[in-house]
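What follows is a single structure, written as structure tokens, with notes after it.
The values are calculated or read from the model by the stated rules, or taken from the named source; none is laboratory data. None of these values were measured; they are calculated from a predicted model. Note: ideal-geometry Cβ built from the backbone for every residue, glycine included; neighbour counts use all protein chains shown. With ligands, DNA and RNA removed, areas are computed over all heavy atoms of the protein, side chains included. Shrake-Rupley method; radii C 1.70, N 1.55, O 1.52, S 1.80 Å.
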Amino acid sequence: MVTPTITEVEQLTEGHPAENEILNQLKIKSSNHGNHSTEERFLLLGFSDWPSLQPVLFVLVLLCYLLTLMGNSALVLLAVREPRLHTPMYYFLCHLALVDTGFTTSVVPSLLANLRGRALRLERGGCLAQLCASLALGSAECVLLAVMALDRAAAVCRPLRYAGLASPRLCHALAGAAWLGGLTNSAAQTALLAARPLCAPRWVDHFICELPALLQLACDGGGQDSTERQMFAARVFILLVPSAVILASYGSVARAVWGMRTRGSRRKAVGTCGSHLTAVCLFYGSAIYAYLQPVHNYNQRRGKFISLFYTVVTPALNPLIYTLRNKEVKGAARRLLGGVGGGQDAQ
């Protein structure tokens, strides 16, 4: 990658306040350090090229974040307090709620600050920390969705043996594997990126330190192609292996549903899997677009809107997806609220 000169950047950034701010930084650093700087600060442009859209996005992001916190907290509370929800399905759903809450929390504070109108400056350490956290939680969600697909396949295809197959010990091990897989992938990707030199000017047309956007800053040469291939292979593994597990699981579910004789059984099986399949399509569709394309083909402007969907919107929708048609969760909520109301009346 050829590092742009200040004149070239001046031409590219003409008329954009956030980019002009970067240009001023570059001029100062150039005069003080002879066009070289030991500091590595990133400027996240966010949606500064859409100034009229920023207030709308601020309200939308804040609303989605509040829905995420309330919806996922309510799911965890119900699953813990209601004995009828002490099943593998709701155990994994609790973990999904925790992952979603952490995932969106790793993104939203900096995004809201960015949407107030100014580009956001981050030190290299802060940028890598945000990358590590969001990548760990996003990767954990990939694995967890695959684990949930296996659970649904076992419930539909082996209903008589399901209690023995989905033992508490196995459920704990699978949930732990999801968290461990996410942390391992994140640590590997972040370490590989940290070892790569990033060329100035370090301005990112994104609202978070996301891997595809940061890779576009990587300098060429020095065996960097090999590192990029390793990072791409890790992304393929964490996305496509769980995808293959999900496809195989729902292939088994489809065969089992096809062999059922009554409409009631089919309807129940489809209802059991429909919510999870919807969540899978929403998350994987956008994540695969963002992460499984070559760096030189990555469109940052389009990519940040895709990222906005799976980091902010999808975590807010998941509690609704899993509860709107779920009679067990609705019943548990009514019983919990009835118990709280009854307790207050007694006092």
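Check off (1) at pLDDT 90 or above; (2) more than 24 Å from the chain's Cα centre (by Cα) for Thr3 and give me the number that stays unchecked.
Among (1) at pLDDT 90 or above; (2) more than 24 Å from the chain's Cα centre (by Cα), the lone unmet condition for Thr3 is (1).
Could you grab the pairs with beta carbons closer than 8 Å, sequence gap of 6+ or different chains, first residue in segment 52-78 and open to solvent by 80 Å² or more (accessible area, probe 1.4 Å), second one acidic (Asp, Glu) and at pLDDT below 90?
Matching pairs, first to second residue: none at all.
Answer yes if at least one residue in segment 230-247 is part of a helix (DSSP H, G or I), over 18 Å from the mean Cα position of the chain (by Cα) and of a type in the set (Gly, Ala, Ser), and no otherwise.
Within segment 230-247, one or more residues are part of a helix (DSSP H, G or I), over 18 Å from the mean Cα position of the chain (by Cα) and of a type in the set (Gly, Ala, Ser).
Can you pull out every residue in segment 286-302 that is over 30 Å from Val156 (Cβ atoms) and open to solvent by less than 10 Å² (accessible area, probe 1.4 Å)?
Scanning segment 286-302 gives a single hit, Ala290.
Given the options Phe309, Phe283, name the one that is in a helix (DSSP H, G or I) and open to solvent by less than 30 Å² (accessible area, probe 1.4 Å).
Details: Phe309 fails: open to solvent by less than 30 Å² (accessible area, probe 1.4 Å).
Sole residue among the options that is in a helix (DSSP H, G or I) and open to solvent by less than 30 Å² (accessible area, probe 1.4 Å): Phe283.
Is it true that Tyr322 is over 21 Å from Asp100 (Cβ atoms) and aromatic (Phe, Trp, Tyr)?
So Tyr322 does not fit the description; no.
Looking at segment 187-198 only, could you name the residues that are closer than 26 Å to Arg302 by Cα, part of a helix (DSSP H, G or I) and open to solvent by 10 Å² or more (accessible area, probe 1.4 Å)?
Scanning segment 187-198 gives Thr190, Leu192, Ala194.
A quick yes/no check of all residues on (1) within 19 Å of Tyr289 (Cα to Cα); (2) out of contact with any strand residue (DSSP E or B) (no Cβ under 8 Å at 6 or more places or on another chain); (3) surrounded by fewer than 17 Cβ atoms within 10 Å (Cβ to Cβ):
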{"site": "His172", "(1), (2), (3)": "no, yes, yes"}
{"site": "Asn185", "(1), (2), (3)": "yes, yes, no"}
{"site": "Ala200", "(1), (2), (3)": "no, yes, no"}
{"site": "Asp205", "(1), (2), (3)": "yes, yes, no"}
{"site": "Leu211", "(1), (2), (3)": "yes, yes, no"}
{"site": "Cys219", "(1), (2), (3)": "no, no, yes"}
{"site": "Ala244", "(1), (2), (3)": "yes, yes, yes"}
{"site": "Tyr250", "(1), (2), (3)": "no, yes, no"}
{"site": "Val270", "(1), (2), (3)": "no, yes, yes"}
